[in-house]
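This report concerns only the one structure given below.
The values are calculated or read from the model by the stated rules, or taken from the named source; none is laboratory data. Given the structure is predicted, the values throughout are model-derived calculations rather than measurements. Every residue, glycine as well, gets a Cβ built from its backbone with ideal geometry; the counts of neighbours run over all protein chains shown.
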């Protein structure tokens, strides 16, 4: 798994994002490029503005930790057309350039803050995560969707 906290990985992700265009078509799934960028930003919104998202109740959080967490924070790639949590579903039209700029800024912020910032940080869905789990979650999700759009 590449390291989102490294400058090299940030630069590579930024380059991939910058090859996208509003009309870039997905190889699978139903999102357009602007929606995909907005969808990817939700991960960072949850990390940086968790108060905007309701914490799952005890039972739901237990279920997320027991059945979803390992699919998100391990190296096993996502399957195409994997189920999406409601907070990540983007159905409305999004401003491509705005979402692209926000995503690059989010990745830059993550890299600048570094792994130490994320060590033991609470996730809205999964509870306390290690910096390695945060790294995997950030990189794997973004790589999955950039690959979805062929970049």
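Below, the figures for the structure above:
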{"quantity": "Residues of segment 19-38 satisfying the condition of being without any contact (Cβ under 8 Å) to a residue 12 or more places away in the chain and more than 13 Å from residue 90 (Cβ to Cβ)", "calculated": "23"}
{"quantity": "Failed item, numbered, when residue 98 is tested on (1) within 15 Å of the chain's Cα centre (by Cα); (2) in a helix (DSSP H, G or I)", "calculated": "(1)"}
{"quantity": "Residues being without any contact (Cβ under 8 Å) to a residue 60 or more places away in the chain and at positive phi - total across segment 115-142", "calculated": "1"}
{"quantity": "Number of the condition not met by residue 73 [criteria: (1) in contact (Cβ under 8 Å) with a residue 24 or more places away in the chain; (2) farther than 15 Å from residue 144 by Cβ; (3) within 15 Å of the chain's Cα centre (by Cα)]", "calculated": "(2)"}
{"quantity": "Candidate set from segment 1-16 (those that are modelled with pLDDT of 95 or more and touching a helix residue (DSSP H, G or I) at 6+ places or on another chain (Cβ under 6 Å)); member that is farthest from residue 146 (Cα to Cα)", "calculated": "5"}
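For (1) in contact (Cβ under 8 Å) with a residue 24 or more places away in the chain; (2) buried (at least 17 other Cβ atoms within 10 Å of the Cβ); (3) not in a helix (DSSP H, G or I), each residue gets a yes or a no:
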position: 40; (1), (2), (3): yes, yes, no
position: 44; (1), (2), (3): yes, yes, no
position: 47; (1), (2), (3): yes, yes, no
position: 59; (1), (2), (3): no, no, no
position: 62; (1), (2), (3): no, no, no
position: 65; (1), (2), (3): yes, no, no
position: 68; (1), (2), (3): yes, no, no
position: 77; (1), (2), (3): yes, no, yes
